[in-house]
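Visitor: Okay, here's the structure, questions in a sec.
The values are calculated or read from the model by the stated rules, or taken from the named source; none is laboratory data. The structure displayed is predicted, hence computed values, not measured ones. Don't worry about glycine lacking a Cβ; one is built from the backbone with ideal geometry, like all the others, and counts go over all protein chains shown.
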Amino acid sequence: MDQKMMRLCIRVIQPEEIKKITERNQTTRLDEYLKSLSKEEITKIMADQSAVFDIIQRLQSLLDTEYSAVYGGFYNGELISYVALTEIIDSTEGKKTNTAEIHVEVLPEYHGQGFGFEMLSRVIEMVFSETVYPFLNYTVIPSNVVSIALVEKLGGVLQEPKSYAEEMLLRTYHLNRK
Ligand SMILES: CC(C)(COP(=O)(O)OP(=O)(O)OC[C@H]1O[C@@H](n2cnc3c(N)ncnc32)[C@H](O)[C@@H]1OP(=O)(O)O)[C@@H](O)C(=O)NCCC(=O)NCCS
């Protein structure tokens, strides 16, 4: 990893410490998603009540998640980013699935400077060295073009949507163990 990649000091932090970053990033996310849909897409979703319920539930779970591990990224001593991991539980069987969802945020004033890429690539390396997860799951709404560019730059592999509702709302990528 070159010098530019090692600007952050990364350590495990307590989930409460991330509030500062999430509060400033997430307020507009649902709005952004709804604005990104065409009239046809909205009509299609509205025609299927279960899809609407699914979408709201999944967005809420993205925003209210209780993280199982959180890594903070400090730049000149300031917490400017975090990466959170949540173990995925199989909803039908209620069992752990041997993988985790990974989520990254960077303080808005530090966007576009490579910090998201540095955080994710370094934390992914740490997680794979400490676990037996074969891949990590990365979920993103279709309008989040920066997040999509980021996961694709990291070699994320886009998964086929499993259901109609998922296709309308979220794209799932796998970040595979190398
Ligand atoms: C998504 C997020 C973490 C990206 O962090 P970042 O530090 O701004 O990203 P980086 O600077 O590392 O950029 C990574 C890649 O994204 C793309 N990118 C960055 N800024 C971009 C912009 N303004 N427009 C389009 N693409 C952009 C580029 O491809 C870039 O790689 P490159 O510089 O080699 O071309 C950040 O925007 C964020 O915190 N957003 C809010 C929370 C969120 O959406 N998290 C992801 C949830 S799925």
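Visitor: Within segment 134-147, work out how many residues are within 12 Å of the ligand (Cβ to nearest atom) and out of contact with any Asp or Glu (no Cβ under 9 Å at 6 or more places or on another chain).
Guide: 5
Visitor: Against the definition (modelled with pLDDT under 95, more than 9 Å from the ligand (Cβ to nearest atom) and closer than 18 Å to ALA84 by Cα), how does THR131 come out, yes or no?
Guide: Yes: the conditions hold for THR131.
Visitor: Let me ask something else about it. Just the residues that are over 17 Å from PRO15 (Cα atoms) and of a type in the set (Phe, Trp, Tyr), please, taken from segment 81-138.
Guide: TYR110, PHE115, PHE117, PHE128, TYR133, PHE135, TYR138
Visitor: Okay, moving on. Kindly indicate which of LEU170, LEU150 is modelled with pLDDT of 95 or more and either more than 9 Å from the ligand (Cβ to nearest atom) or closer than 20 Å to SER36 by Cα (or both). Outline the logic, then answer.
Guide: Values: LEU170 fails: modelled with pLDDT of 95 or more.
Just one listed residue meets the conditions, LEU150.
Visitor: Can you tell me how many residues in segment 153-167 are within 17 Å of ILE88 (Cβ to Cβ), modelled with pLDDT of 95 or more and not in a loop (DSSP other than H, G, I, E, B)?
Guide: Qualifying residue count for the region: 1.
Visitor: Go through segment 129-152 and give me each residue that's in contact with a Leu (Cβ under 7 Å, 6 or more places away or on another chain), closer than 22 Å to LYS96 by Cβ and part of a loop (DSSP other than H, G, I, E, B).
Guide: Across segment 129-152, there are no qualifying residues.
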